[in-house]
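Below is one structure, written out as structure tokens; the observations come after it.
The values are calculated or read from the model by the stated rules, or taken from the named source; none is laboratory data. Owing to the predicted nature of the structure, the values given are computational and were not obtained by experimental measurement. Here Cβ is always computed from backbone atoms with ideal geometry, including for glycine, and neighbour counts include all displayed protein chains. Surface areas here come from the heavy atoms of the whole protein model, side chains and all, with no ligands, DNA or RNA. Shrake-Rupley method; radii C 1.70, N 1.55, O 1.52, S 1.80 Å.
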Amino acid sequence: MSESFEFEQVEFVTAGAVGQPGERTFYIQIESAERRISLLAEKAQVRSLAHLAQELLGRAGITVTPDDLDETAQRLREPLDPVWRAGSISLGMDDDAERFLLEVEELPTEEDEAGDVDDEPAMARAWMTRDQLAAMAAHAAYAVEAGARQTCRLCGRPIDPGGHVCPSNNGHGPLSR
């Protein structure tokens, strides 16, 4: 299995994407004074992370608004060399709702699953402040929505930049643009 990471004091945390709509790659990035890691994620994971963060902050009496978005400050930082792919993701908070814990577990690969049964998936654990979580939540929601593609009026599926073969047309007819 891969290396695990523990961030007691996070300086930067974000979730975002690079690439063109329909071809984007999503990441979760965590940085402390000593190191920065990037984790590959799925769009649905980033969407869920934004939603869960907003829900958790809401329980602490904090509402995430568009004013919390600072796209420049929360942009993913280079290099984007992922250490591993994210599997399960969870968020929690301490009793005073002052610090929040992001836990990301590695998604095992086929090689890992075929290996030693005692191997545990790698974990990344990061403690962050309310403001850091609010900024990450706002940017994650923005990143998911920023790549939204036009949807087909017949089937509701996203239309790729190169067009769309619609199942409602039984795969026939011109590509929609």
Solvent exposure ordering (accessible area, 1.4 Å, most first) of Trp84, Trp127: Trp127, Trp84
Check: the chain dipole with +1 on Lys, Arg Cβ and -1 on Asp, Glu Cβ, in debye: 1480
From largest accessible area down, sort Leu133, Leu107, Leu52; use a 1.4 Å probe on the protein chains. Leu107, Leu52, Leu133
Leaving out ligands, DNA and RNA but keeping every protein chain, what accessible area does Arg75 have, in Å² rounded to the nearest 10, with a 1.4 Å probe? 120
Go through Ser90, Ala146, Val13 and say which Cα lies farthest out towards the positive end of the charge dipole of the chain; charges sit on Cβ, +1 for Lys and Arg, -1 for Asp and Glu. Ala146
Where labels lie 7 Å past Cα in the beta-carbon direction, separation of Ala60 and Arg125 in nm: 1.8
With every protein chain kept in place and ligands, DNA and RNA left out, what is the accessible area per residue of the chain? Probe 1.4 Å, answer in Å². 58
Need one value: the accessible area of Thr72 in square angstrom, 1.4 angstrom probe, rounded to the nearest 10. 100
Give me the angle, in degrees from 0 to 90, between the Cα long axis of helix 43-59 and the longest principal axis of the Cα atoms of the chain, rounded to the nearest 10. 50
Go through Ser32, Val64, Ala124 and say which Cα lies farthest out towards the positive end of the charge dipole of the range 29-147; charges sit on Cβ, +1 for Lys and Arg, -1 for Asp and Glu. Val64
Compute the acute angle (0 to 90°) between the alpha-carbon long axis of helix 130-146 and the principal axis of greatest extent of the alpha-carbon atoms of the chain; round to the nearest 10°. 10
Which order do you get for Val13, Val18 if you rank them by accessible area with a 1.4 Å probe, largest at the top? Val18, Val13
Qualifying GluC sites (Glu not before Pro) in the range 1-92, DSSP loop, other Cβ atoms within 10 Å at most 12: Glu3, Glu8, Glu23, Glu34
What part of the accessible area of the chain, given as a whole %, is carbon or sulfur when the probe is 1.4 angstrom? 45
Assuming R0 = 41 Å, what is the FRET efficiency of Asn170 and Leu40, from their Cβ-Cβ distance, to the nearest 0.05? 0.70
Run the quick spin-label model on Asp70 and Arg157: label points 7 Å from Cα toward the beta carbon, then report their separation in nm to one decimal. 4.2
Normalised per residue, the volume inside the convex hull of the alpha-carbon atoms of the range 1-83 in Å³ amounts to 135
Nearest 500 deg cm²/dmol is fine: what mean residue ellipticity at 222 nm does the chain get from its DSSP H runs of n ≥ 4 alone, each adding -39,500 (n - 2.57), divided by its residue count? -7500 deg cm²/dmol
May I ask for the percentage of alpha-carbon pairs in the range 65-145 that lie more than 22 Å from each other? 40
